[in-house]
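Remarks on the structure that follows.
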Amino acid sequence: MGKSPAVIFSSIVYSKLLFMTEEERDQWLKEQRAAGNPGLLSLDRLVNELYREFYTGEEDSKK
C-alpha cells in the first residue's frame with residue numbers, strides 16, 4: 001500500500017468550557033491569554049501553525 005498524502009487525527013477533550021456560555025468562554029480565554037497561560041498559548045500557536053500549513057500551504061518560518 002502507498003502512503004496517504006494526508007494525516008488525519010482526532011482528539012477528545014473534556015472541558016468545563018463546554019458548559020459555559022459563549023460570553024463566559026470568551027472572557028475565560030481572554031483572562032487566560034492575559035495571564036500568559038502557557039498551555040493555552042502553546043495551543044494557540046499550534047492551531048495557527050496547522051491552519052497556515054493546511055489551508056494556505058505556508059510553513060512557519062521559525063522552523
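Each value in this text was obtained by applying a stated rule to the coordinates, not by laboratory testing. These figures come from a predicted structure and were not determined experimentally. Quick reminder, even Gly has a Cβ in these numbers, built from the backbone with ideal geometry, and neighbours come from all protein chains shown.
Quick rundown of the values:
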| quantity | calculated |
| --- | --- |
| Segments 40-49, 15-24 sorted - mean Cβ within 10 Å per residue, highest first | 40-49, 15-24 |
| In nm, spacing of pseudo-spin labels at residue 30 and residue 9 (7 Å Cα→C-beta vector) | 3.2 |
